[in-house]
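The values are calculated or read from the model by the stated rules, or taken from the named source; none is laboratory data. Just so you know, these numbers come straight off a predicted model, no measurement behind them. When we count neighbours, we look across all protein chains shown, and the Cβ atoms used for this are built from the backbone with ideal geometry, even at glycine.
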Amino acid sequence: MTDEATLESFRLADSFLPVGTDSVSDGLEQFVATDGVTDVDELAALLETYLRRQHGQAGLIALRAAHVATRADDLAGVLDADRRLEATTLAAELRESSTLTGERLLTLQREVREDPFLDRYAEAVDGDETPGNYVVVLGVVTALAGVDAREACLLSCHELATAQLGAAQRLLRLGHTDVQRVLDELRPTMVAAVEDSADRSLAEMTPFAPLVDVLSAEHERADRRLFVS
């Protein structure tokens, strides 16, 4: 990758990016509320499940497909990835948080740089032709920036893990050292998730984390919530 692409990947992975990922917990809040996650070891195990069973078997596949399609100037391919990901995401909250953060990322990118392909995709999202899932937007954005597909997938895994760990700090009152230790221990899981997604087609998206789906659905009806999902 070029230096410019590397710097862009750093920017996109930064928690400073104002796209709202700090307001979602992807069901973690409900795990904590029901004592499904009570300490750092249980948190690490749950994050492994997210990365391998959910993100790696759906989100990363959609990201790769969107990345490839963008490089080929194939808007229809991006829309296909977007719609298929929405169809495989069972929990309404997860769908809504994905499109909310996706919309913010898409808007932000269009404000900082101009690109005709990005504009065409945004028009499809604005016209309700496609949902605009966050990882699909990320696939488009990284492809346009010259970030390699594998690097984009690693970026996405890192971003998911840091967002979850940031939520866990507030929910479990974890120290910074514990958070950094979990993030370090998750590196092999991230790499494995990226490698597992490499040869999968959109038709092979098979996320399977039923407890995440169930607790995410329960979170929708929770009386008190710090996070939107």
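The condition of being at pLDDT 95 or above, more than 18 Å from LEU138 (Cβ to Cβ) and part of a helix (DSSP H, G or I) holds for only one of ALA65, ALA69, ALA76, that being ALA76. Every condition in (1) farther than 22 Å from GLN180 by Cα; (2) of a type outside the set (Ser, Thr, Tyr); (3) under 15 Å from the mean Cα position of the chain (by Cα); (4) surrounded by fewer than 18 Cβ atoms within 10 Å (Cβ to Cβ) holds for ASP73 except the one numbered (3). In region 39-51, the residues that are modelled with pLDDT of 90 or more form Cβ pairs under 9 Å with partners that are of a type in the set (Lys, Arg), at six or more places apart or across chains, as follows: VAL40/ARG181; ALA44/ARG181. Only one of the numbered conditions (1) among the hydrophobic types (A, V, I, L, M, F, W, C); (2) buried (at least 24 other Cβ atoms within 10 Å of the Cβ); (3) touching a Ser or Thr at 6+ places or on another chain (Cβ under 8 Å) is not met by ALA81, and that is (3).
Applying the selection to region 138-189, what residues are surrounded by fewer than 22 Cβ atoms within 10 Å (Cβ to Cβ), touching a helix residue (DSSP H, G or I) at 6+ places or on another chain (Cβ under 6 Å) and not in a helix (DSSP H, G or I)? Answer for region 138-189, where residues must be surrounded by fewer than 22 Cβ atoms within 10 Å (Cβ to Cβ), touching a helix residue (DSSP H, G or I) at 6+ places or on another chain (Cβ under 6 Å) and not in a helix (DSSP H, G or I): GLY146, LEU174. Each residue in region 121-145 was checked for being closer than 24 Å to THR2 by Cβ and either without any contact (Cβ under 8 Å) to a residue 60 or more places away in the chain or touching a Leu at 6+ places or on another chain (Cβ under 9 Å) (or both), and 11 pass.
Take the residues in region 17-41 that are more than 16 Å from the chain's Cα centre (by Cα), of a type outside the set (D, E, K, R) and in a loop (DSSP other than H, G, I, E, B); name whichever of them is nearest to GLU111 (Cα to Cα). Top of the filtered list is VAL37. Just so you know, in region 121-137 the residues that are over 14 Å from VAL19 (Cβ atoms) and in contact with a helix residue (DSSP H, G or I) (Cβ under 8 Å, 6 or more places away or on another chain) include one that is surrounded by the fewest Cβ atoms within 10 Å (Cβ to Cβ), and it is GLU129. All conditions in (1) within 16 Å of the chain's Cα centre (by Cα); (2) within 24 Å of LEU90 (Cα to Cα); (3) among the small types (Gly, Ala, Ser); (4) modelled with pLDDT of 95 or more hold for ALA163, with the sole exception of (4).
I want to confirm something. Restricting to region 11-51 and keeping residues that are closer than 19 Å to LEU94 by Cα and acidic (Asp, Glu), which single residue is surrounded by the fewest Cβ atoms within 10 Å (Cβ to Cβ)? My answer is ASP22.
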